[in-house]
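The values are calculated or read from the model by the stated rules, or taken from the named source; none is laboratory data. Every value quoted in this text rests on a predicted model; they were computed, and no experiment measured them. Note that we place each Cβ from the backbone using ideal geometry, even for glycine, and neighbour counts take in every protein chain shown. The area values use the complete protein model at the heavy-atom level, side chains included, leaving out ligands, DNA and RNA. Shrake-Rupley method; radii C 1.70, N 1.55, O 1.52, S 1.80 Å.
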Amino acid sequence: MAANAPYLLQLPVRSPEFRVLITGGYAIFRSRMEFPFSRKNHATSLRARKVRVVECFAKSTELEALVKDGGDDDNDDGDEVRGDDDKVVTHGDSVSSQRSASASGGDSLSLGIREPVYEVVEVKTCGTVAKRKINRRHLLKSSGLRPRDIRSVDPSLWLTNSMPALLVREHAILLNLGSLRAIVMQERVLIFNYNRLGGKAFIDSLLPRLNPTSTNGGPSMPFVVEVVEAALHSRIQRLEHRLWDLEPRVQALLEVLPNRLTADILEELRISKQKLVELGSRAGALKQMLLDILEDTHEIRHICIIGRNCVLKKENDEIECSVPLDKEIAEEEEEEIEMLLENYLQRCESCHGQAERLLDSAKEMEDSIAVNLSSRRLEVSRFELILQVGTFCVAVGALVAGIFGMNLRSYLEEHVFAFWLTTAGIIVGAVLAFYLMYWYLRTRKIL
């Protein structure tokens, strides 16, 4: 029969492999009899079956060691098997701990700093205005900017980014003009501080330029240039209005102050001077920004090629376009942008120069007021010194009178003319002492 069945397993009855096989079959039969209808219990039974098979294999190895070595090392084998089992469990625990650590790391990333969400006003080329909320990631993706570029227009950093800036990037222009913070793209502009005076003035200046009825069918220049011009116009116009409000007040103060020195007028002069300093610094910073842009032709040409299939050569910054007509239009726009910037530069210089002149006049008036007050204080000091000299001379006469007023006999009281002589001597001595001290002070040019 063994010859007819070549794949039949033949084991001795007393061999440990036969015992393992019998024990494993009994464990499988028992688990199926106890949990016949549950898949979960079936999986549990499989795990129990594996553990029991390992235990049976351990027992069989123990029997083999007992037969071979006479039972001296059976505890060591059992400890080794349990140690391997413990190692497996420990490895599973480490894997589970790593998974839990990675899950907790993901949770910590998800619980980190929230991504900022900006509330902006979006103005499109057709003139439509809409409020929307946009997060930082979507803003960077839609505008093609980098995170460090957003810092120049971030409303939360308006204290650190107070200097005016006009940053030209590949697909957008960033505007930072005082309270106006905006990102200009090819077909839209995002205004951050739309509730502040700068944002409102910018919107009021931009919308009429985009109105088809007022521009005979559309804007005469590209949308990006129209937005930049509206921003510069609104900013310089606000500076000019402040100057026009301050100029008559300062002129009136300059006419009144030489003759009237009151606390209210001096306080008004101080406030006007402070406003002129602020106005001059803002106009000067804006003038410097325009000068830097005019000196950098690369920035102006980059403005011209926004939205066109053109590039700038690195060798000589020349415009290279796939369509020759785009190159001609871009070159014409470059001249128009330069003329536009020069026009606003002249207005800014005029505003800055007038503010500086008014500030110089106010400073000169303060100097004249200081000289006038110093002369008055000098006169008061001279009068106080004369009074002190006279008081000293009278005090010496009072000293003589006090000496004669003591109730001690000097035998002068017995003479009839002693009183009159003493009084006349005190008066003459005081007057002579006063004259001598006054002459000394005049000689030394103290008075």
Conditions: (1) small (Gly, Ala, Ser); (2) modelled with pLDDT of 85 or more; (3) open to solvent by less than 60 Å² (accessible area, probe 1.4 Å). Residue 330 meets all but one. Number of the miss?
(2)
So how many residues does segment 276-288 have that are surrounded by fewer than 20 Cβ atoms within 10 Å (Cβ to Cβ) and either touching a residue at least 12 places away in the same chain (Cβ under 8 Å) or more than 20 Å from residue 341 (Cα to Cα) (or both)?
4
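Just to be sure, is residue 255 without any contact (Cβ under 8 Å) to a residue 60 or more places away in the chain, assigned to a helix (DSSP H, G or I) and surrounded by fewer than 12 Cβ atoms within 10 Å (Cβ to Cβ)?
So residue 255 passes the test.
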Return the pair list, or none, for Cβ contacts closer than 8 Å from residues in segment 148-175 that are in contact (Cβ under 8 Å) with a residue 40 or more places away in the chain to residues that are assigned to a strand (DSSP E or B) and of a type in the set (S, T, N, Q), at least 6 apart or on different chains.
163/176; 164/176; 165/176; 166/176
All positions within segment 300-319 that are at pLDDT below 70 and within 31 Å of the chain's Cα centre (by Cα):
307
Scanning segment 218-252 for residues that are open to solvent by 50 Å² or more (accessible area, probe 1.4 Å) and among the polar types (S, T, N, Q), the one farthest from residue 186 (Cα to Cα) turns out to be 251
